[in-house]
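Asker: Below you will find the structure I want to go over with you.
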Amino acid sequence: MTAPLVCAVDPESPAGTGPPDDVGAVADVVLIRRSRGEPELFGVIFDRYYPEIHRFAANRLDQVAADDLAAETFLVAFRKRAVFDSGEPADGSASADHAGETGIGAGGHVRAWLYGIATNLVRRQRRNEQRRYRALARAPRDQSVVDHDERITAMVSAQSVQRDLGRALASLSARDRDVLLLVALGELSYHEVAVALEIPYGTVCSRLNRARRKVRKALGDTDPTSHDRDPGNV
């Protein structure tokens, strides 16, 4: 999907007015701000982040559901771009805590904002997600994991753990699983997770710590989030 998203979401926008060629290096937050008056510029945000939002949705649900969920994520973002907090990114845990407590928005973290929207949409399909992890837990240990499950299994570097991983993910509370998978699948930093879920930085740490303990126990002390970008915080 390379056409500007605005063509699909805003029938009143000028037809055939794609973003100019010189916006490729423009910062996300600037594009969001400018797209309020030039809606075609939102197509650049779509092109930048659709693949990874789709991948995240596919890992949480399945490929078919991911098509609709990723598209809806950008529809929601397009409609809410006027109220997006385009201030400077939060710097330090105090700012992240403030954002979580006041609900002021993403503070310039466009990518985290999109993941937050996607996570909220996944919440509508909790039963489907739970069913998928339980099915994974029941799968034969020698069965190859296919499609969207490959990425999760690759994180722990062994397909033989798929049952244990599925069982561990299914056992997590929805809130803890959201934090864990935003770090493990989305590779968001702790501050970005705080922005995405609009919760304090400290809450991110406590939820992730709790989720990691359960998953580590199930996987023989293997940590599926060892690649995260905040080493030493948990």
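Asker: Going by amide H atoms built from the backbone, whose H comes under 5 Å of the H on S86, apart from near neighbours?
Answerer: none
Asker: Can you work out ³J(HN,Hα) from phi for every residue in the stretch 26-33, in order, using Karplus 6.51 cos²θ - 1.76 cosθ + 1.60 and θ = phi - 60°, giving whole Hz and x for Gly and Pro?
Answerer: Once θ is set to phi - 60°, the couplings for the stretch 26-33 become 6, 4, 3, 5, 5, 4, 4, 4 Hz.
Asker: So what are the ³J(HN,Hα) numbers for the stretch 65-81, from phi and the Karplus equation (6.51, -1.76, 1.60; θ = phi - 60°), rounded to whole Hz, Gly and Pro as x?
Answerer: Listing the rounded values in order: 5, 5, 4, 6, 5, 5, 4, 5, 4, 6, 5, 4, 4, 4, 5, 9, 4 Hz.
Asker: Can you work out ³J(HN,Hα) from phi for every residue in the stretch 113-122, in order, using Karplus 6.51 cos²θ - 1.76 cosθ + 1.60 and θ = phi - 60°, giving whole Hz and x for Gly and Pro?
Answerer: 4, 5, 5, x, 4, 4, 5, 4, 6, 4
Just so you know, all these numbers are worked out from the coordinates, no wet-lab data involved. Quick caveat, the model's predicted, so the values are computed rather than measured.
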